[in-house]
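Here the structure comes first, spelled out in structure tokens, and everything after it is commentary.
The values are calculated or read from the model by the stated rules, or taken from the named source; none is laboratory data. Keep in mind it's a predicted model, so treat the numbers as computed, not measured. Cβ placement follows ideal geometry from the backbone for every residue including glycine, while neighbour counts extend to all protein chains displayed.
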Amino acid sequence: MGLNMIIREFKSSDAEKIIEVVNEATYKINSQDYSSSQIEALEPHDPDSIVNFAKSDEIYYIVAVKEDDVIGAGNIDLDGGEIKGIFVHPKHIREGVGTSLMEKLEDMAIRAGKEELKATSTVTAKKFYESQGFEIIEEKVQTINEIEFEVYDMKKQID
């Protein structure tokens, strides 16, 4: 893990910062691969929805914290063995934040008895997932908020 970075469970007080991280990652990183209308459809707007999502029984949310600042977030559906998302603030790209989050989520899946991880990746995140050992199963179009996106269903053996 990076210097002075910890990975811990999500707290309700993290919701506003997670929205900032997701928005910054979406605008700064995805803008090379997606249109402005697609990016707008991806943007989370409501801290309560993040808190409710994180408090669901199926989803486990973790955050990367450096100097008391949330710099990344990731979540997994342990029942389905599916990574729901990993986001890193653009100021902290290439510092090992995404890899550290992935390692923690993978460890959680192994402890839950999963033999493989699944993920649906954006065009932008595809290289990251591939660097983490994921393989493309299918390229498809997904609709989010009535906007179509090219995405990849991916998987990785972890047993």
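Candidates are the residues of segment 100-123 that are crowded, with 18+ Cβ neighbours inside 10 Å and of a type in the set (Val, Ile, Thr); the one that is modelled with the highest pLDDT is 120. Take the residues in segment 74-109 that are aliphatic (A, V, I, L, M) and in a helix (DSSP H, G or I), then tell me which one is farthest from residue 17 (Cα to Cα). Across segment 74-109, the extreme among qualifying residues is 109. Would a scan of segment 124-144 turn up a residue that is within 14 Å of the chain's Cα centre (by Cα) and assigned to a strand (DSSP E or B)? No, segment 124-144 contains no residue that is within 14 Å of the chain's Cα centre (by Cα) and assigned to a strand (DSSP E or B). Residues being buried (at least 21 other Cβ atoms within 10 Å of the Cβ) and modelled with pLDDT under 95 are represented in segment 124-136 by at least one member. Being touching a Lys or Arg at 6+ places or on another chain (Cβ under 7 Å), part of a strand (DSSP E or B), closer than 18 Å to residue 103 by Cβ and modelled with pLDDT of 90 or more is a property that does not hold for residue 71. How many residues does segment 41-68 contain that are of a type outside the set (Lys, Arg) and at pLDDT 70 or above? Count: 10.
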